[in-house]
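To start, the structure itself, in structure tokens.
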Amino acid sequence: MGKPPKPGGDSISGCVIMISIVVPAYNAAPLLERCLRALQGQNLPAKEYEIIVVDDGSTDDTARVASAMGARLIRIPHGGPAAARNAGIRAARGEIILFTDADCEPTPHWARSLAAAFADPGVAGAKGTYLTRQRSLVARFVQVEYEERYRRMVKRSRIDFIDTYSAGYRREVLIQNEGFNPVFSGPTVEDQELSFRLAAKGYRLVFVPQAQVYHQHVTSPISYFRRKYHIGHGKAVMLKWLPEKAISDSHTPQTLKFQIVSLGIACVALPGGLLWQPLWYLAVASIGGFVLSTVPFIRYAWHRDRAVALVALPMLTVRAAALGSGLLVGMLRRGHRETQRPPITGMQRLAKRLLDTIAALTGLIIALPLLVALRVASPGRVLERRERVGLNGQPFRMYVLRPDGNSRLLRWLHRLGLDVLPQLANVLRGEMSLVGPCPEDPQTVPAYTDAQRRRLLVRPGIIGPAQLRGGLDLQARLALEVDYVEHYSLQGDFALLWRAIGCWLHHVRG
């Protein structure tokens, strides 16, 4: 993305830091002035932050409004919000870059709330929340929809989903990861894709509910459908690179995925019933499942805004139809530039997880009598739990047999190299794999370079290239593990397993 200017030496909260606030704007003249007035009214000294407006090829008075309001103005050819934000990143002088949109009005404490999250050096990104003053029923529905998702996120110590109406990142992290992906030429999922990409590398992203902005939500069902359709279309492209996000993320409720699938089945089964009557029963069951899945949202909406609760069922139907049709068209459409390749494809990930589950379950069943005998023969605890870092930087507790046990059976298992048997439980729980990089010590991960963080894109393994090689220093080990991720194949996993079995048999004979 190019090297940005050197940051200024001003201070905020006692730290040497400067904040850059980037606002992409396209034909935003009617709304931009309110946004900039809100940004100028932040409860921070003016010298501690700068406001950058990136005019994304507007044909109205956006540039004139930005200049008149005293913002730093950058003008680029129209390329979409991703390209505009990237231009703002390149121009920014701040170590922390905050983002909002031209149709948002940040509250006076917005910038300070987001910036406070970065007092923790382990935080790479932060996400805030929407507010609205609108009285339109559709806009109120949208607000309740967001608030229901915020309820899920506030319970998490780290998230993987940041949308840029209220967001902040460390500039260094953005530069190292080339910012937003400009393949998304419209306001769809370019912000989600960036946060997913960073979270997959183990960067810690956090939710800051106090970082609030007032927003102009859509006000008609047609506009709502159009907006959700474009998001679904963008997600279809993104999921080719990040297939695991089809399963879960910290923002999207699982009920939404069920609703998309059940509505799709109903739309196919209803006309199909004209040819084969049993399909009508499938359609009825799908519609019934859809309606039941909306109950939790309707119940939440009833306590927040009863008028919204009354229109929730038809609006949720519109949402599922729009997202589903957008996903379908996006999956069928060709011609998008493939700018990324997942380290493990969706089918490889599924096959690897299936093999892990079968092998771990089989291994635990075979080893169960041995582990029970060990528990009976050994005084005190036989298992030790060690804090480790796994997939996407998520912490977990790895099980091993205690190295200091007095039992003869325990010493025998250690001599045979079977002290890793309890880690089959970690594999079964989805925290580890049979084959993968070493489970990492939490103290080591902060010292990773951005490139070395790619080893966190897969689950750690009981065995792996570094475990078999042995005697490597940290840099050599990480290079070997990154290479494993970059050139991943199931055949490679089987080759490592075969080598591990051979090494173990050699060890036992010795």
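Values in this text are rule-based calculations from the coordinates and carry no lab data. Just so it is clear, the model here is predicted, and its values are computed rather than measured. Neighbour counts are summed over all protein chains in view; Cβ atoms, including those assigned to glycine, are modelled from backbone coordinates with ideal geometry.
In segment 413-510, taking the dipole from charged Cβ atoms about the Cα centre, the farthest positive-side position among His414, Gly461, Ser433 is held by His414.
For segment 220-340, averaging the sequence separation of C-alpha pairs within contact (under 8 Å, six or more residues apart) and dividing by the residue count gives a relative contact order of 46 percent. Compared with the dominant principal axis of the Cα atoms in the chain, helix 221-241 is inclined by about 30°.
Applying 1/(1 + (r/R0)^6) with r as the Cβ-Cβ distance of His414 and Thr59 and R0 = 45 angstrom yields a FRET efficiency of 0.05.
Think of segment 130-173 as a dipole: +1 on every Lys or Arg Cβ, -1 on every Asp or Glu Cβ, centred on the Cα centre; then among Tyr165, Val144, Val154, Val154 lies furthest on the positive end.
Mind pulling the angle between the C-alpha long axis of helix 137-153 and the longest principal axis of the chain? Nearest 10 degrees, somewhere in 0 to 90. So the helix axis and the longest Cα principal axis differ by about 30 degrees. The peptide list 455-462, 116-123, 143-150, 466-473, put in order of mean Cβ contacts within 10 Å with the highest first, becomes 455-462, 143-150, 116-123, 466-473. As a length-normalised measure over Cα pairs under 8 Å and 6 or more apart, the relative contact order of segment 364-510 settles at 21 percent. Spatial offset of segment 415-434 relative to segment 195-212 amounts to 30 Å, using the alpha carbon center of each. Compared with the direct C-alpha span, the chain from Trp280 to Glu384 gains 31.9 nm at full extension, assuming 0.36 nm per residue. With a simple spin-label model that places each label point 7 Å from the Cα along the Cα-to-Cβ direction, the separation between Met347 and Leu370 comes to 3.6 nm. When both bridge partners sit in the chain, DSSP labels roughly 45% of those beta bridges antiparallel. Say R0 is 56 Å: what FRET efficiency, to the nearest 0.05, do Leu310 and Leu361 get from their beta-carbon distance? Efficiency, rounded to the nearest 0.05: 0.70. Legend: calculated FRET efficiency, Leu292 to Ser248, from the Cβ-Cβ distance at R0 = 22 Å, rounded to 0.05, equals 0.60.
Quick check: the angle from helix 29-40's long axis to the longest principal axis of the chain, C-alpha only, nearest 10 degrees? Relative to the chain, helix 29-40 is tipped by roughly 70 degrees. Our note on the geometry: Cα centres of segment 93-142 and segment 472-505, 43 Å apart. Net length available on complete extension from Ala479 to Arg429 is 15.3 nm, with 0.36 nm assigned per residue and the Cα-Cα distance removed. Straightening the chain between Thr444 and Arg156 buys 101.4 nm, computed as 0.36 nm per residue apart minus the Cα-Cα spacing. Each Lys or Arg adds one and each Asp or Glu subtracts one; over the other residues with Cβ under 9 Å from the Cβ of Cys35, this totals -2. With a ≥ b ≥ c taken as the square roots of the eigenvalues of the C-alpha gyration tensor of segment 220-340, please select rounded if a/c is under 1.5 and otherwise prolate if a/b is larger than b/c or oblate if it is not? The shape class here is oblate. Between Glu148 and Cys267, the simple label model (points 7 Å from Cα in the Cβ direction) yields a spacing of 2.0 nm.
With both residues required to sit in segment 11-217, DSSP beta bridges show an antiparallel share near 35%. In segment 11-217, Cα pairs under 8 Å separated by at least six residues give a relative contact order of 27 percent.
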